[in-house]
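Enquirer: Pasting a structure below so you can have a look.
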Amino acid sequence: MNQYKQCLKISTLLATVLSSHAFAESSVTLFGIADNGLFYTSNQTSLGSTKNGKSAVQTQAGVWTGSQFGLKGKEDLGGGTAAIFSLDSRFNLNTGASQFTNAMFGQWAYVGLTNPHYGTLTGGRQLTPYYTLLSPYSPTTWLTGFSGAHPGDIDNLDTTYKTSNSLVYLSPSVHGFTIGGSYAFGGQPGSFNLGSSWSAGIQYKMGAAGIAAAIERFNNASPGGGAWSANSTATAGPTQQGVSALTNGYQTAAAQQRIAVTSGYAFTSKLDVSVSYSNVQYIAGTNSAFKSTAIWNTLGAVVHYGVSPATSIAAGYSYTRAAKANGITNGAQYQQVSFAQYYALSKSTGVYAVEAYQRSNGQTLAADGTTVIAATADIGDGFNSAPSSSRSQFVGGAGLIHRF
């Protein structure tokens, strides 16, 4: 019944959009991606467990790019100004299930205005300027988020994190500079700050080189921390985003803060490199299970080479180190190497392969936020719910992607 209702909603939405298209000078595009593959993992278990890890051979959907469908549109309002909107839904190609609970367009959904001279202002559920401005030099550009994001996507250099109820502004490029800012309204009675999120960043591109710096902060709607409230603007449905083996013991944070710098240089049209640094803080509140701010610092680098117009390969390395706090005497460390290969069969269809290995050391906190345990491996953001039960994890496999 729920699937029937969803199909009915989509059909009604399509009919409404297409009928309105006939009466206005506008463009509406239905787009999508279908991505599926077969992968081997050396060790995986349930999040929070440090035992009973087993190897697995399984299908994995959305490895190169998340399987999705959506609608996007633009209407010319005159004087260079246009109204725009985008609705994007993610799903599991193997089961047909929606990625986000009770959110048909949980990936993003926004409407706004754009002008080449004044920039773009949008409102809805969106990516933050932190991600948008850093992303050209993110490891996930060539390595995928599944196995190429920094461990657990701790620093949000993939599309793991979105904010609801947000206003986002991105400027046009002026002499190579682009700036952006966002604010997501928490809407909590009696408090302007609870549950809110904000972000700001700057990017500079000139010729073959570029650099970007940004900051974002997500506030828990639960006063003083505690269980991450579903009323917070940074959520995935009713739950906290980005929970992994790295952050499982810090889910009761009062706030999350990320600061990052990314940069890249193209030596030729075929060869380019990118580097990144991030500082992530899960800030404790009076009701948090842990008592001191948890900090992770990550350094990463990626080399990409276009073998031919149809073929590209990439390799990356990252090192993440957590600070000593909350009874931890040996801060967790994660070293990860990732590889990716892609071959375009056409403009819309390609085959790919990815491989990655991660080794962890040191200590972290268990899900209760107080017990010190051994840090376990968690490759990219594809294993946040199924990390290794040990210090090591390997994944490798291949897939097919089609865009329409």
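The values are calculated or read from the model by the stated rules, or taken from the named source; none is laboratory data. Small disclaimer: the values here were computed from a predicted structure and weren't measured. So basically every Cβ, Gly included, is an ideal-geometry build from the backbone, and we count neighbours across all protein chains shown.
Enquirer: Residues N52, N36, N102: which one is of a type outside the set (A, V, I, L, M), farther than 25 Å from P129 by Cα and not in a loop (DSSP other than H, G, I, E, B)?
Expert: Criteria check complete, one pass: N36.
Enquirer: Also: Do we find a residue being part of a loop (DSSP other than H, G, I, E, B) and closer than 21 Å to N326 by Cα anywhere in the stretch 292-309?
Expert: Within the stretch 292-309, one or more residues are part of a loop (DSSP other than H, G, I, E, B) and closer than 21 Å to N326 by Cα.
Residue-by-condition table, conditions (1) of a type in the set (G, A, S); (2) touching an Asp or Glu at 6+ places or on another chain (Cβ under 8 Å); (3) assigned to a loop (DSSP other than H, G, I, E, B):
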| residue | (1), (2), (3) |
| --- | --- |
| V354 | no, no, no |
| Q358 | no, yes, no |
| T370 | no, no, yes |
| I379 | no, no, yes |
| A386 | yes, no, yes |
| S389 | yes, no, yes |
| I401 | no, yes, no |
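Enquirer: Can you list residue pairs whose Cβ atoms sit under 9 Å apart, with the first residue in the stretch 158-169 being under 21 Å from Y137 (Cβ atoms) and the second being part of a loop (DSSP other than H, G, I, E, B) and of a type in the set (A, V, I, L, M, F, W, C)? Count only pairs 6 or more apart in sequence or on different chains.
Expert: Short answer, once both residue conditions are applied: D158/A149; T159/L127; T160/A149; Y161/L127; Y161/A234; K162/L127; K162/A234; V168/L127.
Enquirer: When you go through (1) closer than 22 Å to D158 by Cα; (2) out of contact with any Gly (no Cβ under 7 Å at 6 or more places or on another chain) one by one for K347, which number turns out not to apply?
Expert: Checking K347 against (1) closer than 22 Å to D158 by Cα; (2) out of contact with any Gly (no Cβ under 7 Å at 6 or more places or on another chain), the one that fails is (1).
Enquirer: When A200 is evaluated against the numbered criteria (1) touching a residue at least 60 places away in the same chain (Cβ under 8 Å); (2) crowded, with 18+ Cβ neighbours inside 10 Å; (3) over 16 Å from the mean Cα position of the chain (by Cα); (4) within 20 Å of Q251 (Cα to Cα), which criterion, by number, is the only one it fails?
Expert: With (1) touching a residue at least 60 places away in the same chain (Cβ under 8 Å); (2) crowded, with 18+ Cβ neighbours inside 10 Å; (3) over 16 Å from the mean Cα position of the chain (by Cα); (4) within 20 Å of Q251 (Cα to Cα) applied to A200, the lone miss is (4).
Enquirer: Could I ask something else about it? Kindly provide the set of residues from the stretch 374-393 that are hydrophobic (A, V, I, L, M, F, W, C) and surrounded by fewer than 18 Cβ atoms within 10 Å (Cβ to Cβ), ordered by number.
Expert: Answer for the stretch 374-393, where residues must be hydrophobic (A, V, I, L, M, F, W, C) and surrounded by fewer than 18 Cβ atoms within 10 Å (Cβ to Cβ): just A374.
Enquirer: What's the number of the only condition in (1) at pLDDT 95 or above; (2) within 23 Å of the chain's Cα centre (by Cα); (3) surrounded by fewer than 19 Cβ atoms within 10 Å (Cβ to Cβ); (4) under 30 Å from L121 (Cβ atoms) that S86 fails to meet?
Expert: Going through the list (1) at pLDDT 95 or above; (2) within 23 Å of the chain's Cα centre (by Cα); (3) surrounded by fewer than 19 Cβ atoms within 10 Å (Cβ to Cβ); (4) under 30 Å from L121 (Cβ atoms), S86 breaks only (3).
Enquirer: Going through A245, A260 one at a time, which residue ends up being buried (at least 22 other Cβ atoms within 10 Å of the Cβ), touching a helix residue (DSSP H, G or I) at 6+ places or on another chain (Cβ under 6 Å) and within 21 Å of Q335 (Cβ to Cβ)?
Expert: Sole residue among the options that is buried (at least 22 other Cβ atoms within 10 Å of the Cβ), touching a helix residue (DSSP H, G or I) at 6+ places or on another chain (Cβ under 6 Å) and within 21 Å of Q335 (Cβ to Cβ): A260.
Enquirer: A further question follows. Return yes or no: is L271 surrounded by fewer than 21 Cβ atoms within 10 Å (Cβ to Cβ) and either touching a helix residue (DSSP H, G or I) at 6+ places or on another chain (Cβ under 9 Å) or modelled with pLDDT of 95 or more (or both)?
Expert: yes
Enquirer: Does any residue of the stretch 109-123 turn out to be under 13 Å from the mean Cα position of the chain (by Cα) and either part of a loop (DSSP other than H, G, I, E, B) or of a type in the set (D, E) (or both)?
Expert: Taking every residue of the stretch 109-123 in turn, none turns out to be under 13 Å from the mean Cα position of the chain (by Cα) and either part of a loop (DSSP other than H, G, I, E, B) or of a type in the set (D, E) (or both).
Enquirer: Now for a separate question. So which residues in the stretch 244-277 are of a type in the set (F, W, Y) and touching a residue at least 24 places away in the same chain (Cβ under 8 Å)?
Expert: Y250, Y265, F267
Enquirer: Check the stretch 213-230 and report whether any residue there is surrounded by fewer than 20 Cβ atoms within 10 Å (Cβ to Cβ), touching a residue at least 60 places away in the same chain (Cβ under 8 Å) and out of contact with any strand residue (DSSP E or B) (no Cβ under 8 Å at 6 or more places or on another chain).
Expert: Yes, the stretch 213-230 contains a residue that is surrounded by fewer than 20 Cβ atoms within 10 Å (Cβ to Cβ), touching a residue at least 60 places away in the same chain (Cβ under 8 Å) and out of contact with any strand residue (DSSP E or B) (no Cβ under 8 Å at 6 or more places or on another chain).
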